[in-house]
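The values are calculated or read from the model by the stated rules, or taken from the named source; none is laboratory data. This one's a predicted model, so the numbers in the text were calculated from it and none came from an experiment. Neighbour counts are summed over all protein chains in view; Cβ atoms, including those assigned to glycine, are modelled from backbone coordinates with ideal geometry. Surface areas here come from the heavy atoms of the whole protein model, side chains and all, with no ligands, DNA or RNA. Shrake-Rupley method; radii C 1.70, N 1.55, O 1.52, S 1.80 Å.
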Amino acid sequence: MSLLVIGSAAFDSIQTPSGSREKVIGGSGVYAAYAASFFTPVRLVSVVGEDWPSAYTDRLRTRAIDLEGLEVRPGARTLAWSGRYFENLNDRETLDIRLNVMGEEYRPLVPESYRGSEFLLLANGSPVCHLDLLDKMAKKPRLTVADTMDFYIQNQPAPLRKLLPRIDGLILNDSEARLLAGEKNTITAARRILEMGPAFVIVKKGENGAFYLSRQAIRLIPAYPSEEVVDPTGAGDSFAGALMGALAASGRSDPESIIAAMARATVVAGYNVEGFSLERLETLTEKEIESRLAAFRTMITF
Ligand code: AMP
């Protein structure tokens, strides 16, 4: 079934203990769409400025990613983010974020052909823009999942609270869940978020895996035990993209299918962090995903 992803397309400048990269291709929409494309064709809504190299678009064109919704805005500059990871790779600091063309006044252009999409991923981005996109859909998607981050929890709390009752699931990391709910305990925080609207919450805990919480169930998925972490950027976005890609491919949105998709998402995110930017995803094959998934299944069965 059709999957629509909205998210950022960005220039990332990254420093990790393994090295650094300047102005490489990144952004929540880019990572999410790329990861989803291993499972299903994707429609991407995003915006870049005239400084965006066509070579970056070409790298997305090699995948089953429909780019009719990738707007190139003349006279504008692309979102630019730079970050540095600490030795443990779980913690990072944002050194600079310039929203540029994705600033407050940005409203997405949504092609007519995208508006009936059945699966919708609101990848990390402004909740104002997410609300606008929801209003532009021709019908309510079967499954709408949003990802968010501390930046929006702190800077756009009111639109975020308006968004939560309109989505089915929210994905965020543990510190963001505690920040959004104002709770010290992560599980309590996730329960509080359920009261704000979504039917389920997926909380990512870095190398400690992720958990799914609904009113009926809680399920835990460990992280894939990777020994090769080069650049954690986009781990969350590729997790969200692969999750929704796997669900759209199956056409299902029940809890068991979501949990099975979380395992696939964990595997893809684990591969993504093995290289800078899209480097690892660009060499990744479906066969590698399946083989690691089989190994992962053995590891978590008891
Ligand atoms: P993650 O590592 O999964 O949290 O995502 C990192 C990606 O998010 C990078 O590629 C950034 O370009 C992108 N990003 C950083 N800040 C923002 C923001 N405020 N809005 C949208 N995307 C962002």
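Details
- Arg84 being touching a strand residue (DSSP E or B) at 6+ places or on another chain (Cβ under 6 Å), open to solvent by 80 Å² or more (accessible area, probe 1.4 Å) and within 11 Å of the ligand (Cβ to nearest atom): no
- Residue list for the stretch 234-270, filter: in contact (Cβ under 8 Å) with a residue 12 or more places away in the chain, over 13 Å from Tyr34 (Cβ atoms) and in a loop (DSSP other than H, G, I, E, B): Gly251, Ser253
- Screening Leu109 with (1) farther than 23 Å from Ala242 by Cα; (2) within 16 Å of the ligand (Cβ to nearest atom); (3) touching a residue at least 40 places away in the same chain (Cβ under 8 Å) gives one miss only, at (2).
- Residue within the stretch 248-271 that is at pLDDT 95 or above, open to solvent by 10 Å² or more (accessible area, probe 1.4 Å) and under 15 Å from Val5 (Cβ atoms) present: yes
- Of the helices (runs of 4 or more DSSP H) lying entirely inside the stretch 110-215, those containing at least 3 residues that are β-branched (Val, Ile, Thr) and either surrounded by fewer than 22 Cβ atoms within 10 Å (Cβ to Cβ) or within 19 Å of the chain's Cα centre (by Cα) (or both) span 186-195.
- Residues of the stretch 28-40 classified as surrounded by fewer than 24 Cβ atoms within 10 Å (Cβ to Cβ) and either small (Gly, Ala, Ser) or within 10 Å of the ligand (Cβ to nearest atom) (or both), total: 1
- When we screen Ile25, Ile6 for residues that are modelled with pLDDT of 95 or more, near the ligand (Cβ under 9 Å from one of its atoms) and either in contact with a Phe, Trp or Tyr (Cβ under 9 Å, 6 or more places away or on another chain) or under 18 Å from Leu143 (Cα atoms) (or both), the only hit is Ile25.
- Residue match in the stretch 224-231 (condition: open to solvent by 10 Å² or more (accessible area, probe 1.4 Å), at pLDDT 95 or above and not β-branched (Val, Ile, Thr)): no
- Put simply, of Arg43, Arg77 the only residue that is surrounded by 14 or more Cβ atoms within 10 Å (Cβ to Cβ), more than 16 Å from the ligand (Cβ to nearest atom) and under 20 Å from Gly125 (Cβ atoms) is Arg43.
- Among the residues listed as Ser250, Ser226, the single one being of a type in the set (Ser, Thr, Tyr), more than 18 Å from the chain's Cα centre (by Cα) and within 16 Å of the ligand (Cβ to nearest atom): Ser226
- In the stretch 134-164, the residues that are within 14 Å of the ligand (Cβ to nearest atom) and of a type outside the set (Ser, Thr, Tyr): Ala146, Asp147, Met149, Asp150, Phe151, Ile153, Gln154, Asn155, Gln156, Pro159, Leu160
- For the stretch 73-93, a tally of residues being under 25 Å from Glu50 (Cα atoms) and touching a helix residue (DSSP H, G or I) at 6+ places or on another chain (Cβ under 8 Å) returns 6.
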